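Reading through the structure tokens given below for one structure.
The values are calculated or read from the model by the stated rules, or taken from the named source; none is laboratory data. In this text the structure is predicted, and so the values were computed from the model without any measurement. Heads up, the Cβs are rebuilt from the backbone with ideal geometry, glycines too, and the neighbour counts pull from every protein chain shown.
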Amino acid sequence: MHYPVLVEVRLRDGIADPQGATIERALPALGLDGVTGMRAGKSFRFDVAADDEASALARATVVADRLLANPVIEESSVTVGQGVSPAGAGSEA
Amino acid sequence: MAARVGVVMFPGTNCEHDAVLALRRLGASSDLVWHGDTTVAGFDALVLPGGFAHGDYLRPGALARFSPVMEAVGRFAADGGPVIGICNGFQVLTEAGLLPGALQKNRGLRFVCATVGVRVETSDSVLTAGVPVGTELSIPINHFEGNYTCDADTLARLRGDDRVVLRYVDNPNGSVDGIAGVCNAARNVVGLMPHPERASDPLLGSVDGTVLLRVLMASAEPALRAPATVA
């Protein structure tokens, strides 16, 4: 069975995020005050073949830890299954 | 016998010919090594040059570490062979785990292309052996992700073990402790953001890069390295 996976990667706390800071500073120009703590990151969508959700999570976590995030500067969170839209959604007719 | 220096070329590398030319003009025998090769036999030293290996997709250097040649580069380094990574090559070496730390986006998200002052901080590495500490060199940098970072423990270890090879005179990118180059514990793997090959001729505005390239060539010491495998 194929489980949909969402991996979010962001800079670790304490690592400067000039992109997030720049976005945050731009918001008042839109009249949007009170937005703080902006951090920019990346998200990855893919499917993992596994027997059950727990092993899908384990495999997806390896993908995140060993390739998608650089542990020196980044951390990741992995979501599997319900709530994650199927991979390829939007690209298939 | 001239030092034989291999210059590793990944898809997207773009400074390989500059490096080969600079090394040859200094008297080295230098040739390209394709990233798909599984051996670096026949070389006494390796250079991972600048560019955008594998398009810098995901992160600079992140995918280059899976190129077949990197296993051979890792063995060469483990055997004590001199390996230097310039700019993108530095990023590849950190992603491959051959050097500590990471190169993140420059402070202020600023791409920097300028000739900068860098100071030699140790005379004990394959790139700076015999060069007096405090020597200032004028060498170009050209990068967006050259902001060296590492955790506090790693930084303390780098300083305590005299592994900071080069520091910027005037930090151009936000690098922690002004670090422009570091080496591994065995001191035979060095990564640096400045491009010594671009400071190798008076026409380029500086010849200071030749100071470092000559040390690399001397570090190669062909007699100590395994001879080329004859098929």
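Tabulated values for the structure
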quantity: Residue in region B:142-152 that is farthest from the other protein chains (Cβ to nearest Cβ), counting only those that are under 20 Å from B:V83 (Cβ atoms) and assigned to a strand (DSSP E or B); calculated: B:H143
quantity: Unique residue being among the polar types (S, T, N, Q) and touching an Asp or Glu at 6+ places or on another chain (Cβ under 9 Å) when the list is B:T115, B:T154, B:T128; calculated: B:T128
quantity: Matching residues in region A:1-11 - criterion: being surrounded by 16 or more Cβ atoms within 10 Å (Cβ to Cβ) and away from chain B (no Cβ under 13 Å); calculated: A:Y3, A:P4, A:V5, A:L6, A:E8
quantity: Members of region B:132-157 found to be surrounded by 21 or more Cβ atoms within 10 Å (Cβ to Cβ) and either among the hydrophobic types (A, V, I, L, M, F, W, C) or at positive phi (or both), listed by number; calculated: B:L137, B:I139, B:I141, B:C150
quantity: Enumeration of residues in region A:38-52 that are within 11 Å of chain B (Cβ to nearest Cβ) and of a type in the set (K, R); calculated: A:K42
quantity: Members of region A:17-37 found to be of a type in the set (A, V, I, L, M, F, W, C), more than 26 Å from A:V72 (Cβ to Cβ) and within 14 Å of chain B (Cβ to nearest Cβ), listed by number; calculated: A:A26
quantity: Residue match in region B:78-96 (condition: within 12 Å of another protein chain (Cβ to nearest Cβ), touching a strand residue (DSSP E or B) at 6+ places or on another chain (Cβ under 6 Å) and crowded, with 23+ Cβ neighbours inside 10 Å); calculated: yes
quantity: Which listed residue, of B:L127, B:L155, B:L103, is under 28 Å from B:D79 (Cα atoms) and part of a loop (DSSP other than H, G, I, E, B); calculated: B:L127
quantity: Residue count for region B:3-22, restricted to those that are without any contact (Cβ under 8 Å) to a residue 40 or more places away in the chain and either part of a helix (DSSP H, G or I) or hydrophobic (A, V, I, L, M, F, W, C) (or both); calculated: 3
quantity: The one condition in (1) exposed (fewer than 15 other Cβ atoms within 10 Å of the Cβ); (2) at pLDDT 90 or above; (3) within 26 Å of B:A152 (Cβ to Cβ) that A:G41 fails to fulfil; calculated: (1)
quantity: Any chance B:G108 is of a type in the set (G, A, S), within 14 Å of chain A (Cβ to nearest Cβ), surrounded by fewer than 21 Cβ atoms within 10 Å (Cβ to Cβ) and part of a helix (DSSP H, G or I); calculated: yes
quantity: Residue in region A:62-80 that is over 25 Å from B:K105 (Cα atoms), more than 14 Å from chain B (Cβ to nearest Cβ) and within 13 Å of the chain's Cα centre (by Cα) present; calculated: yes
quantity: B:S138 vs. criteria of a type in the set (S, T, Y), more than 14 Å from every other protein chain (Cβ to nearest Cβ) and part of a strand (DSSP E or B); calculated: yes
quantity: Index of the failed condition, A:G14 passing every other in (1) within 14 Å of another protein chain (Cβ to nearest Cβ); (2) part of a loop (DSSP other than H, G, I, E, B); (3) at pLDDT 90 or above; calculated: (3)
quantity: Conditions (1) more than 13 Å from chain A (Cβ to nearest Cβ); (2) touching a Pro at 6+ places or on another chain (Cβ under 8 Å); (3) crowded, with 22+ Cβ neighbours inside 10 Å; number of the one not met by B:E121; calculated: (2)
quantity: Any hit, region B:54-65, residues being free of Cβ contacts under 8 Å to residues at least 60 places away in the same chain, buried (at least 22 other Cβ atoms within 10 Å of the Cβ) and among the hydrophobic types (A, V, I, L, M, F, W, C); calculated: yes
quantity: Single condition B:A41 does not satisfy, out of (1) over 27 Å from B:D170 (Cβ atoms); (2) within 14 Å of chain A (Cβ to nearest Cβ); (3) small (G, A, S); calculated: (2)
